[in-house]
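The values are calculated or read from the model by the stated rules, or taken from the named source; none is laboratory data. Quantities reported herein were computed from a predicted structural model and do not represent experimental measurements. Please note: Cβ atoms are built from the backbone with ideal geometry, for glycine as well, and neighbour counts cover all protein chains shown.
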Amino acid sequence: MLTMTENAVMVIRDLATQQDVAEDGGVRIAADTAAGSLSVELVAAPIEGDQVVDNQGARIFLDSDAADLLGDASVDATVDDEGIVQFGFTEKQ
């Protein structure tokens, strides 16, 4: 199952607070298998069938394709000086 670094936990919680997302909200990751890419967006709630990963109130919702693709990866997040958030994924060792 996907895990989050401490940075990712803080960034996701901060994003949800800043964007006034509902208490049940979080970051949704969906896979576009045709394009071979992932989309990441802040949402108020998971969509039916999403896998929910909750770590200290930071929530990530994975569609089934993203859950299969990411497997046991770890997600990290950084925010640059301009406030741009970037997510990265690494395999657990």
Taking Glu41 as the residue in question, decide whether it is in a strand (DSSP E or B), modelled with pLDDT under 95 and not hydrophobic (A, V, I, L, M, F, W, C).
yes
Would it be correct to say that Gly25 is small (Gly, Ala, Ser) and touching a residue at least 24 places away in the same chain (Cβ under 8 Å)?
yes
Within segment 68-93, residues small (Gly, Ala, Ser) and in contact (Cβ under 8 Å) with a residue 24 or more places away in the chain come out as Gly71, Ala73, Ser74, Ala77
Mind listing whichever residues of segment 60-92 are over 11 Å from Val11 (Cβ atoms), part of a strand (DSSP E or B) and touching a Ser or Thr at 6+ places or on another chain (Cβ under 9 Å)?
Ser74, Gly88, Phe89, Thr90
Whichever residue in segment 1-38 is of a type in the set (Ser, Thr, Tyr) and assigned to a loop (DSSP other than H, G, I, E, B) and, among such residues, is farthest from Phe89 (Cα to Cα)
Thr33
Could you go through segment 17-29 and let me know if any residue there is among the polar types (S, T, N, Q) and touching a helix residue (DSSP H, G or I) at 6+ places or on another chain (Cβ under 7 Å).
no
Just checking, how many residues over segment 58-91 are under 12 Å from the mean Cα position of the chain (by Cα) and either on the phi > 0 side of the Ramachandran plot or not aliphatic (A, V, I, L, M) (or both)?
9
